[in-house]
Structures are given as structure tokens and as C-alpha cells.
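Report on one structure; see the data block that follows.
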Amino acid sequence: MKFTLLNENSAGRKNHKLCLAEWGLSVFIEINNVKILLDSGHTDVYKQNANKLGIDLNQVDFVVLSHNHWDHTGGLRFHEFKEKKKIIIHPQILDKLPQDESEKIKKDFEVVTSTKPLEFSKNIFYLGEIPRKSNFEKGEWKSDPMIDDSAIAIKTSEGVVVISGCSHSGICNICEYAKKITGQKLLGVIGGFHLFEDDMETVAKTIEYFKTEKPKHLFPMHCVDHAAMSMFYNTFQCKKYSSGDTFEI
């Protein structure tokens with residue numbers, strides 16, 4: 001499987017002369033013949049970067065929104081899909097988005113809503129609502145329980161690969177649920193982990209979780225600040241990928 005960051009908070013070194021960056025996340029995922037757009041950042045940056053990288057977004061088979069926040073959904077205002085794409089979302093997202101954005105999604109896409117895990121393509125799951133199990137992750141954002149915060153889980157011959165947007169529900173909670181739904185151990189974890197310097201206790205406990213789980217691939221990005229990222233690097237030698245970067249598992 002191949003991942004291209006159509007947007008991340010910073011520009012990647014390899015394509016820094018080509019690609020723009022803004023606060024947010026958008027990931028183009030290619031698994032065999034299936035192409036997925038996870039999130040869209042806030043503006044048309046994801047679309048501009050796709051054009052510069054030679055990626056035809058009209059080849060996308062599925063759009064998935066990880067949660068309702070502006071830095072992951074706003075870019076869909078600028079989409080140029082020539083046909084209706086299937087969009088996989090939690091139903092609460094349509095209620096939380098600004099009305100004009102919600103109406104545009106309902107008008108322009110074939111909307112598939114689910115609160116439960118959904119295998120929307122062979123071995124590819126939208127996880128739906130994430131159970132809050134860990135005793136150190138808040139599982140909310142500014143008093144919003146964020147029940148719409150979800151992720152993608154992909155079964156492989158070696159284990160499950162998890163791709164998150166922001167992990168407001170807790171990246172460890174997400175990983176545990178992905179393991180339960182797929183019946184597999186963790187192979188890779190990619191995306192926003194929502195870990196910051198003002199809560200280093202949670203950062204430390206998350207690192208201990210991954211030390212126990214031992215995923216082969218660990219790529220924190222987007223909503224992981226410098227202090228948290230440095231701890232991940234010092235522990236796991238994680239490479240930080242950014243806007244315009246590509247990598248494969």
C-alpha cells in the first residue's frame with residue numbers, strides 16, 4: 001500500500017518546491033486497485049498538491065472523513081470530482097458541519113453513514129464509533145465527546161494498518177478497536193495522534209503502549225507537537241512525513 005500526503009502542517013523536504021502546506025491533514029491511500037482520500041485539509045491545498053504530484057483525484061473510489069473538524073473537512077468545498085463518489089462518514093458529521101458544507105456533501109456525494117465498523121472494500125474498514133477503554137486518554141475535545149472521531153483499519157497478511165485523522169478518541173483506543181475488529185496485531189499506525197507538550201503524561205503512556213505493541217511502522221504527524229514528536233523519535237526513530245511526501249508499507 002502507498003500513502004501520499006496531499007496536505008500536512010508542514011511541507012516535506014523532497015517536494016517542498018512543488019507542494020503547499022496548511023494546518024490539517026489529507027492522505028491519498030492506494031491499496032492494490034483501491035484508491036481512498038482520507039480527509040481534505042481546510043482549503044484547496046490538497047487538490048493543488050495532487051495536481052502537482054500527478055495524482056488524478058477523479059480516480060478516487062472512496063472519500064472518508066475521520067471527524068467533523070474544519071482542518072479535515074473544509075477542502076471538500078473545492079472538490080472537482082466529475083462523478084458522485086462514495087463518502088464514508090459518521091452520521092453526526094453532517095449535523096456538526098456548517099450547513100452549506102453539509103448540504104454540499106449531501107448533494108455532491110453518495111453518502112454512506114455508519115456508527116459501527118464497516119468493511120467498505122475488501123479488508124478495508126471504517127471503524128465507526130471508537131470505544132473509550134484506556135484510562136489515560138481523554139477521548140474528547142473541549143468537552144465535546146467526539147463520538148464521530150474514527151479511523152481506517154486495513155487488514156494485511158502481517159497485521160493491521162491503522163490510519164487516523166486526529167485521534168480525538170485516543171490513538172490507543174483506536175488501535176485496540178482496530179485489533180478487535182480485524183483480529184490482527186498492529187503492523188502500522190499512521191496519522192494524527194493528538195499529543196501535545198501540555199499533557200506529557202499522556203504522551204509518555206502512549207509511547208509505553210506502542211513499546212508493548214511493537215508496530216513495525218509508526219508515523220505520527222499533523223497534531224503531534226515538537227515535544228511529543230521528539231519523544232517518539234528518541235524512542236522509535238520515527239520519521240516525520242509532511243505535505244508532498246510518499247511512503248509505502
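Inside region 98-124, can you point out the residues that are of a type outside the set (A, V, I, L, M), assigned to a helix (DSSP H, G or I) and closer than 21 Å to Lys82 by Cα? Before you say what the answer is, go through the steps one by one.
Going residue by residue through region 98-124, those that are of a type outside the set (A, V, I, L, M) are 98-104, 106-110, 113-117, 119-123.
Narrowing the set further to residues that are assigned to a helix (DSSP H, G or I) leaves 99-104, 106-108.
Matches in region 98-124: Asp100, Glu101, Ser102, Glu103, Lys104, Lys106, Lys107, Asp108.
Identify the residue in region 126-154 that is assigned to a strand (DSSP E or B) and within 20 Å of Pro220 (Cα to Cα) and, among all such residues, is modelled with the lowest pLDDT.
First, pick out the residues of region 126-154 that are assigned to a strand (DSSP E or B): 126, 141, 144, 151-154.
Remaining after also requiring within 20 Å of Pro220 (Cα to Cα): 126, 141, 151-154.
On the way: Tyr126: 98, Trp141: 95, Ala151: 98, Ile152: 98, Ala153: 98, Ile154: 98.
Filtering region 126-154 for residues that are assigned to a strand (DSSP E or B) and within 20 Å of Pro220 (Cα to Cα), the one modelled with the lowest pLDDT comes out as Trp141.
Pairs only if they're at least six apart or on different chains, beta carbon under 7 angstrom, first in region 232-247 and of a type in the set (S, T, N, Q), second part of a strand (DSSP E or B) and surrounded by 14 or more Cβ atoms within 10 Å (Cβ to Cβ); list them, first residue then second.
Ser242/Leu5; Ser242/Ala11; Ser243/Leu5; Ser243/Asn7; Ser243/Ala11; Thr246/Phe3; Thr246/Thr4
On the phi > 0 side of the Ramachandran plot, touching a residue at least 24 places away in the same chain (Cβ under 8 Å) and buried (at least 16 other Cβ atoms within 10 Å of the Cβ): which single residue out of Asp39, Asp44 fits that description?
Numbers: Asp44 fails: on the phi > 0 side of the Ramachandran plot.
One residue alone meets the criteria, Asp39.
Quick test of your reading of the structure: Ile29 fulfils all but one of (1) surrounded by fewer than 22 Cβ atoms within 10 Å (Cβ to Cβ); (2) of a type in the set (A, V, I, L, M, F, W, C); (3) over 15 Å from Glu80 (Cβ atoms). Name the failing condition by number.
Unmet for Ile29, out of (1) surrounded by fewer than 22 Cβ atoms within 10 Å (Cβ to Cβ); (2) of a type in the set (A, V, I, L, M, F, W, C); (3) over 15 Å from Glu80 (Cβ atoms): (1).
Identify, by number, the condition in (1) part of a loop (DSSP other than H, G, I, E, B); (2) out of contact with any Gly (no Cβ under 8 Å at 6 or more places or on another chain); (3) among the small types (Gly, Ala, Ser) that Ala227 doesn't meet.
So the condition that Ala227 fails would be (1).
The values are calculated or read from the model by the stated rules, or taken from the named source; none is laboratory data. Note that the coordinates shown come from a computational prediction; the quantities given were computed from them, not determined experimentally. Don't worry about glycine lacking a Cβ; one is built from the backbone with ideal geometry, like all the others, and counts go over all protein chains shown.
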